[in-house]
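Written out below as structure tokens is the structure these notes cover.
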2 protein chains.
Amino acid sequence: MFVSTATNGIDAKGRVSVPASFRSNVSGGPFDGIYVWPSFDGPWLEGGGQALMDDYLEMIEAMDPYDEARQALEQSIFGEARTLSFDANGRITLPKDLAGHAGLDGKATFVGLGRRFEIWNPDSHARRATSARTFAKENKLKLRRPSRMTEMGQ
Amino acid sequence: MFVSTATNGIDAKGRVSVPASFRSNVSGGPFDGIYVWPSFDGPWLEGGGQALMDDYLEMIEAMDPYDEARQALEQSIFGEARTLSFDANGRITLPKDLAGHAGLDGKATFVGLGRRFEIWNPDSHARRATSARTFAKENKLKLRRPSRMTEMGQ
DNA sequence: TTGTTTCCCATCAAATCCCATGTTATCCCA
DNA sequence: TGGGATAACATGGGATTTGATGGGAAACAA
């Protein structure tokens with residue numbers, strides 16, 4: 001599970017270290033890396049491992065093949081996603097267009113969100129974290145257990 | 001899984017490089033190439049590897065033999081598809097009629113969509129990507145978890 | 001022949017690999 | 001518990017490989 005927040009530097013080649021705990025979270029499969037795409041909600045990046053993409057594929061394929069929403073989601077997730085594999089030191093190279101979408105310049109903040117994570121400009125993220133905390137406080141009563149227990153692996 | 005978008009040039013001989021990640025995605029089988037056919041939805045091409053064609057065959061064979069829809073799909077997919085094999089550098093030669101259907105002229109945009117991919121005129125695709133992003137944002141709630149529980153993490 | 005397709009080789013940029021280094025966190029033992 | 005030893009992590013730069021592309025020669029077809 002992706003948890004915690006870490007800010008790492010982006011070097012002149014566009015390389016950035018992925019937090020070690022994120023890396024160990026996606027290790028094991030044949031693809032040693034992550035999937036990253038621009039959020040269609042705002043100026044940040046969405047990311048996850050193979051398992052997340054498999055889930056999205058399953059959810060999208062459950063939709064009607066010629067549903068316009070399905071085609072838009074296919075395009076905006078799979079069409080925009082990049083496979084970024086780790087180098088020997090656990091870094092990825094962020095393509096310029098992705099860095100541009102998120103306004104990344106020299107530093108990137110990785111935010112673990114359970115089954116997926118986000119990559120933010122550190123300043124933007126600080127502002128968002130503040131407002132999210134307020135919003136969480138106002139909505140804390142919405143946090144409740146599902147009526148029937150469901151299993152969640154580790 | 002086919003992901004990401006890449007635009008490559010079409011040379012005077014009609015050759016175009018298939019993105020390396022697409023190639024590795026279809027490698028392994030006896031047929032070293034891809035299947036491509038004109039979309040019956042609009043001016044672009046549909047494509048995939050052997051696995052995709054096997055899936056379509058399975059789905060179509062599950063239909064009644066004289067179902068009109070079955071015959072239309074057989075004709076529009078298998079009847080129109082071409083097998084385009086890679087040359088030593090990973091290029092295919094696009095037949096003129098396929099290039100014509102998609103309005104390809106000098107450049108081709110490959111769009112990974114999970115199990116399959118599409119080939120677009122770069123300008124047409126840019127317009128579609130923009131509208132798809134808006135539409136995806138408005139319809140993201142249609143992405144539902146499958147009813148059966150899945151585990152978190154990788 | 002004439003035009004077309006397939007194969008082969010050359011080139012250039014970009015992505016990847018490899019090695020070195022500083023810094024922090026963890027371990028281990030007295 | 002203190003403190004040195006060790007390992008893990010993040011970072012920088014050079015060397016090497018891969019990927020995309022262009023053009024020519026050989027095989028094939030009309």
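The values are calculated or read from the model by the stated rules, or taken from the named source; none is laboratory data. Computed from a predicted model, the values in this text were never measured in an experiment. Note: ideal-geometry Cβ built from the backbone for every residue, glycine included; neighbour counts use all protein chains shown. Accessible surface is based on the protein model in full, side chains and every heavy atom, while ligands, DNA and RNA are left aside. Shrake-Rupley method; radii C 1.70, N 1.55, O 1.52, S 1.80 Å.
Structure summary
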| quantity | calculated |
| --- | --- |
| Lone unmet requirement of (1) more than 14 Å from chain B (Cβ to nearest Cβ); (2) more than 24 Å from A:R128 (Cα to Cα) for A:V26 | (1) |
| Test: residue in the range B:126-133 that is in contact (Cβ under 8 Å) with a residue 24 or more places away in the chain, open to solvent by 20 Å² or more (accessible area, probe 1.4 Å) and either away from every other protein chain (no Cβ under 14 Å) or not aliphatic (A, V, I, L, M) (or both) | no |
| Among the residues listed as B:V16, B:V3, the single one being farther than 21 Å from A:Q75 by Cα and either away from DNA strand D (no atom under 16 Å from the Cβ) or out of contact with any Pro (no Cβ under 8 Å at 6 or more places or on another chain) (or both) | B:V16 |
| Of all residues making up the range A:98-123, the number that are more than 16 Å from DNA strand D (Cβ to nearest atom) and within 14 Å of chain B (Cβ to nearest Cβ) | 6 |
| Residue within the range B:142-153 that is part of a helix (DSSP H, G or I) and either under 14 Å from the mean Cα position of the chain (by Cα) or not basic (K, R) (or both) present | no |
| Pair list, Cβ under 6 Å, 6 or more apart: the range A:25-41 residue under 16 Å from A:Y56 (Cα atoms), other residue in a helix (DSSP H, G or I) and open to solvent by 10 Å² or more (accessible area, probe 1.4 Å) | A:P38/A:H101; A:F40/B:R133; A:F40/B:K137 |
| Condition broken by B:N139, with the remaining ones in (1) at pLDDT 90 or above; (2) within 14 Å of chain A (Cβ to nearest Cβ); (3) open to solvent by 40 Å² or more (accessible area, probe 1.4 Å) satisfied | (3) |
